[in-house]
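**Q** Below is the structure I would like to discuss, written out as structure tokens.
Where a number appears in this text, it was derived from the coordinates with a stated rule and is not lab data. Every value quoted in this text rests on a predicted model; they were computed, and no experiment measured them. Neighbour counts run over all protein chains shown; Cβ positions are idealised from the backbone, glycine included.
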Ligand SMILES: CC(C)(COP(=O)(O)OP(=O)(O)OC[C@H]1O[C@@H](n2cnc3c(N)ncnc32)[C@H](O)[C@@H]1OP(=O)(O)O)[C@@H](O)C(=O)NCCC(=O)NCCS
């Protein structure tokens, strides 16, 4: 069993969170961006999420952020029930059940805070992530063909969503 613990993000996690976000982004396979925003921008993002009580969790290995999961929702009237999930883990921590724990914790928190729908984008090439989302109950709602063209390779973007189960 992994020693990694899942906890709500706090201000003192921001630097390590940004390092992890940057490392996963620089793999250029999984996220919508290829490097993390500057530290100050990430700090403002996290502090704003904390102020809004957004669902944002980190997987901690000691003092290091090994991964994250967040479900962000807008303040726009008519859309506050619907969050957008993003997540990632550093390579060494993948395939050990940590992503599932992170996502389940974050989803439970989002349901508790009143969300009733969570959606996400995932590259069609990202089979582990798609499998995880399917087993969590996410359904495919759409596909954007050739939506990304990076380093000479096209990828589709799948649009998936999970509507809150009746009983959680
Ligand atoms: C996608 C990701 C978050 C999953 O987290 P993880 O900790 O590696 O996944 P888990 O070990 O919790 O596995 C959960 C499920 O994912 C699927 N899965 C995980 N690794 C897999 C692999 N290599 N191949 C196929 N399915 C896989 C399985 O369904 C697995 O469930 P099971 O163990 O009951 O079969 C993680 O691999 C990751 O960070 N990848 C890079 C960043 C990324 O893709 N972020 C998401 C962008 S949309």
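**Q** Give me 16, 55, 125, 7 sorted ascending by neighbouring Cβ count inside 10 Å, so fewest comes first.
**A** Ordered from fewest to most neighbouring Cβ atoms within 10 Å, 16, 55, 125, 7 come out as 7, 125, 16, 55.
**Q** Next question, about the same structure. Please state the Cα pair-distance histogram of the chain with 5 angstrom bins from zero: what percent is in each bin?
**A** 1, 8, 17, 21, 21, 18, 9, 3, 0, 0
**Q** Right, another one. If each of residue 108 and residue 40 carries a label point 7 Å out from its Cα toward its Cβ, how far apart are those two points in nm?
**A** Using points 7 Å along Cα→Cβ, the separation is 3.9 nm.
**Q** Moving on to the next point. Output the relative contact order of the chain, whole-number percent, from Cα pairs under 8 angstrom with separation of 6+ residues.
**A** Value for the chain: 18 percent.
**Q** Pull up the DSSP beta bridges for the stretch 61-168 and report the antiparallel fraction as a percent, rounded to 5.
**A** 90 percent
**Q** Using 11 Å as the cut-off for backbone N distance, which residues of the stretch 52-84 belong to the label zone defined by a point 7 Å from the Cα of residue 12 along Cα→Cβ?
**A** Inside the label zone: 63.
**Q** Here's something else I'd like to know. Starting from the eigenvalues of the Cα gyration tensor, five times each then square-rooted, give me the equivalent ellipsoid semi-axes of the stretch 109-153, largest first, whole Å.
**A** Working through the eigenvalues yields semi-axes of 26, 12, 10 Å.
**Q** Within a 10 angstrom radius of the beta carbon, how do 154, 123, 133 rank from fewest other beta carbons to most?
**A** The order, fewest Cβ neighbours first, is 154, 123, 133.
**Q** Cα convex hull of the stretch 75-168: how many Å³ per residue?
**A** Normalising the Cα hull of the stretch 75-168 by residue number yields 125 Å³.
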